[in-house]
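Worksheet: the structure to be examined is printed underneath.
The values are calculated or read from the model by the stated rules, or taken from the named source; none is laboratory data. What you are looking at is a predicted structure, and each value in this text was computed from that prediction instead of being measured. In this analysis, Cβ positions are derived from the backbone assuming ideal geometry, glycine residues included, and neighbour counts consider all displayed protein chains.
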Amino acid sequence: MRSKIVAGNWKMNKNLAETEALLTELAAKLPDTQAEVMVAPTFVNLAAAVHTLDSSVIEVIAQNMHFAESGAYTGEISADMLLNIGIDTVIIGHSERRAYFGETDEILAKKVKAALAKNMRVMFCFGEELDDRKSDNHFKVVESQLKNALFSLEASDWGKIVLAYEPVWAIGTGETASPEQAQEMHAFIRKTITEAYDASIANNVSILYGGSVKPANAVEIFGKPDVDGGLIGGASLVADDFVAIIKAI
């Protein structure tokens, strides 16, 4: 049975003191849930976050990593560096990395393989822009992103993959894909994976929705059969909002 997951991507927010305060509050207010709960603070606060949550079931994950093991890559972080401080799950392919830092499908494929080679779990993000949706190319775009970055993996690798569908037009804009639109795309993703691999892999991979989930819409979105949770942005920075979303799963 596939995992239910609620993950908070903090992006470039919260200094050290704010990070420790928010994590302490989240740990204290965490509801009883069968879902996996994850948070992704900024790199400089990851070690402190792991320490703060030492006695909590909340998992600390990374927002990104480089595909090289080491070398002259100023400002970058390797898989081994993350593993060394207790991080074994990493977000790869977030739309902001694609848009602002030029990460291509080829680069992302290398990152995914590098993470898997270190036995890390990968939360792989993908999704269409507004123009893709308006031109009715959203299914083609999503299929292409999956194929280019993931479909060269071995079937056994999929046990370490979590997918996060991001309708880019619904991130930070206040817009949200309707629950029906989310379900339609998540079902398409499973169909695409079934065709490339098999139904067992497709039915066992967790697919999260990553487009402006809030306490007000979480129950309806998470209630769809192919939506296994959410990758949460802004709402994960407020303890009560994130807790309400966790309760919704």
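Give the stretch 107-140 a look and list any residue that's over 22 Å from R190 (Cα atoms) and either of a type in the set (F, W, Y) or modelled with pLDDT of 95 or more (or both), or say none.
Within the stretch 107-140, I107, K110, K111, A114, A115, A117, K118, N119, M120 qualify.
For the stretch 153-172, does any single residue satisfy the condition of being among the polar types (S, T, N, Q) and either surrounded by 15 or more Cβ atoms within 10 Å (Cβ to Cβ) or not in a helix (DSSP H, G or I) (or both)? It would help to see each step written out before you state the result.
First pass over the stretch 153-172, keeping only residues among the polar types (S, T, N, Q): 156.
After this cut, where a residue has to be either surrounded by 15 or more Cβ atoms within 10 Å (Cβ to Cβ) or not in a helix (DSSP H, G or I) (or both) as well, the list is none.
Scanning the stretch 153-172 turns up no residue that is among the polar types (S, T, N, Q) and either surrounded by 15 or more Cβ atoms within 10 Å (Cβ to Cβ) or not in a helix (DSSP H, G or I) (or both).
Could you please tell me which pairs satisfy a Cβ distance under 8 Å, a separation of 6+ or placement on different chains, a first residue in the stretch 131-157 that is within 14 Å of A196 (Cα to Cα), and a second residue that is surrounded by fewer than 19 Cβ atoms within 10 Å (Cβ to Cβ) and among the basic types (K, R)?
L153/K113
Considering A177, A149, A187, A216, which residue is at pLDDT below 95 and under 25 Å from K134 (Cα atoms)?
Values: A149 fails: at pLDDT below 95; A187 fails: at pLDDT below 95; A216 fails: under 25 Å from K134 (Cα atoms).
Among A177, A149, A187, A216, only A177 is at pLDDT below 95 and under 25 Å from K134 (Cα atoms).
Which one is farthest from the chain's Cα centre (by Cα) among residues in the stretch 1-45 that are outside any strand (DSSP E or B), under 19 Å from R97 (Cα atoms) and without any contact (Cβ under 8 Å) to a residue 60 or more places away in the chain?
V44
Out of the residues in the stretch 183-215 meeting the condition of being over 19 Å from M1 (Cβ atoms) and of a type in the set (G, A, S), tell me which one is surrounded by the fewest Cβ atoms within 10 Å (Cβ to Cβ).
A196
Looking at E143, E180, E129 in this structure, which one is surrounded by fewer than 16 Cβ atoms within 10 Å (Cβ to Cβ) and either closer than 18 Å to R98 by Cβ or not polar (S, T, N, Q) (or both)? I'd like the intermediate steps shown before the answer.
Working: E143 fails: surrounded by fewer than 16 Cβ atoms within 10 Å (Cβ to Cβ); E129 fails: surrounded by fewer than 16 Cβ atoms within 10 Å (Cβ to Cβ).
None of the other options fit; the residue is E180.
Taking the stretch 223-249 on its own, how many of its residues are closer than 18 Å to M185 by Cβ and either part of a strand (DSSP E or B) or touching a helix residue (DSSP H, G or I) at 6+ places or on another chain (Cβ under 6 Å) (or both)?
Within the stretch 223-249, residues that are closer than 18 Å to M185 by Cβ and either part of a strand (DSSP E or B) or touching a helix residue (DSSP H, G or I) at 6+ places or on another chain (Cβ under 6 Å) (or both) number 7.
Filter the stretch 69-96 for residues that are in a loop (DSSP other than H, G, I, E, B) and touching a Cys at 6+ places or on another chain (Cβ under 9 Å); which is farthest from A117 (Cα to Cα)? Even if it seems obvious, please write down each step before you answer.
From the stretch 69-96, those in a loop (DSSP other than H, G, I, E, B) are 69-78, 85-88, 93-94; that's our starting set.
Next cut, touching a Cys at 6+ places or on another chain (Cβ under 9 Å) only: 93-94.
Numbers: G93: 17, H94: 20 Å.
Out of the qualifying residues, it is H94.
Does N203 satisfy the condition of being in contact (Cβ under 8 Å) with a residue 60 or more places away in the chain, more than 23 Å from L108 (Cα to Cα) and either in a helix (DSSP H, G or I) or of a type in the set (G, A, S) (or both)?
For N203, the condition - in contact (Cβ under 8 Å) with a residue 60 or more places away in the chain, more than 23 Å from L108 (Cα to Cα) and either in a helix (DSSP H, G or I) or of a type in the set (G, A, S) (or both) - is met.
Mind telling me which of the residues T89, T74 ends up being modelled with pLDDT of 95 or more and surrounded by fewer than 18 Cβ atoms within 10 Å (Cβ to Cβ)? First the steps, then the outcome.
Values: T89 fails: surrounded by fewer than 18 Cβ atoms within 10 Å (Cβ to Cβ).
None of the other options fit; the residue is T74.
Is there a residue being surrounded by 21 or more Cβ atoms within 10 Å (Cβ to Cβ), among the polar types (S, T, N, Q) and outside any strand (DSSP E or B) anywhere in the stretch 59-68?
Filtering the stretch 59-68 down to residues surrounded by 21 or more Cβ atoms within 10 Å (Cβ to Cβ) leaves 60-63, 65.
Pick out the ones that are also among the polar types (S, T, N, Q) and you get 63.
From what's left, outside any strand (DSSP E or B): 63.
Yes, the stretch 59-68 has at least one match.
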